[in-house]
Amino acid sequence: MAVDSEEPEARLARMRAAAVRADSQPRLLELARWLRRRLPGDDRFGDPLSTAGDEPAQVLARGVSALQTGRSSVAHELGLGALQVWQALSEASGRGMGTTEVALLFTDLVGFSSWALEAGDEPAVELLREVGTALEGAIAQHDGVIVKRLGDGLMAVFSTVEGAVEAALDGHDALAPVCVDGYRPRMRTGVHVGRPRRLGGDYLGVDVNIAARVGAAAGPEELLVSMTACEALDGERFSIGRAKRLKAPGAPKELRVSRVERTRTAR
């Protein structure tokens, strides 16, 4: 009767090497990637852009990606495939925006950079804190979500155009009493509606770019709204100004915007 004289450590090393070879087999890798392309959701889920949010699937995916050893791995692809499906199902059940139509709000402080250079860091930071508190309250009150901060501005999304417009107008009102070292911030805001693609905690696409252009075209203490978004507004609650073509690099030639305010009866 043959006696297995192989040491346990050697046997374990041999089994580990065999597992690594199987996990890196080109045919199995291609099969795993083929499967991911046919699963629901983003088949590239797992890269830094798609996992930047704080949802459970995104957090776990960042951990799975961090464990990657630098070589292609079947187990890695299958693990991300499972999280890809989880993320897709979460979006489909309403826990994520997915491709649902959303209203996009962009804000920016006019002349802040020039003032901050003279005022210094401490007053500038204090002002941004007060502005942030005022805007966060207005956005949360209308069920908006801040997507990202852009220096002295921000981007937020809402389920309705009216929610975005109300938040912008409330934000303007909330900034009226703010004053730091004699400086009163003047904000410009823009609202557009569309179906941007959500990746991780961010939104990307043409509609996001348009919304940013609309916001950048607004004057101090002005809210500009694309005509596409204006169609969803109640004329009895909001005063919609004369439509004008928005001439800005990257903006569609047919893009029209209007200044929006509350009607006197709605104030």
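Laboratory data are not the source of any read-out in this text; all were calculated from the coordinates shown. Remember, predicted model here, so these are calculated numbers, not experimental data. When we count neighbours, we look across all protein chains shown, and the Cβ atoms used for this are built from the backbone with ideal geometry, even at glycine.
Some notes on this structure:
- Phi angles across the stretch 202-212 convert, under the Karplus curve 6.51 cos²θ - 1.76 cosθ + 1.60 with θ = phi - 60°, into 3J(HN,Hα) values of 10, 10, 10, x, 4, 5, 5, 4, 5, 4, 5 Hz, Gly and Pro given as x.
- The lysines within cross-link reach of K148, meaning a Cα-to-Cα straight distance under 27 Å and a gap of 8 or more places when in the same chain, are K247.
- For the stretch 225-235, 3J(HN,Hα) per residue [Karplus equation, 6.51 cos²θ - 1.76 cosθ + 1.60, θ = phi - 60°, Hz, x = Gly/Pro]: 10, 5, 5, 4, 6, 4, 4, 8, 8, 7, x
- Estimated vicinal HN-Hα couplings, Hz - the stretch 134-150 in sequence order (Karplus 6.51, -1.76, 1.60; Gly, Pro = x): 5, 6, 4, x, 5, 5, 5, 4, 10, 6, x, 10, 6, 7, 6, 9, 10
- Annotation for the stretch 168-245: trypsin sites (Lys or Arg not before Pro) lying in DSSP loop with at most 12 further Cβ atoms inside 10 Å of their Cβ are R242.
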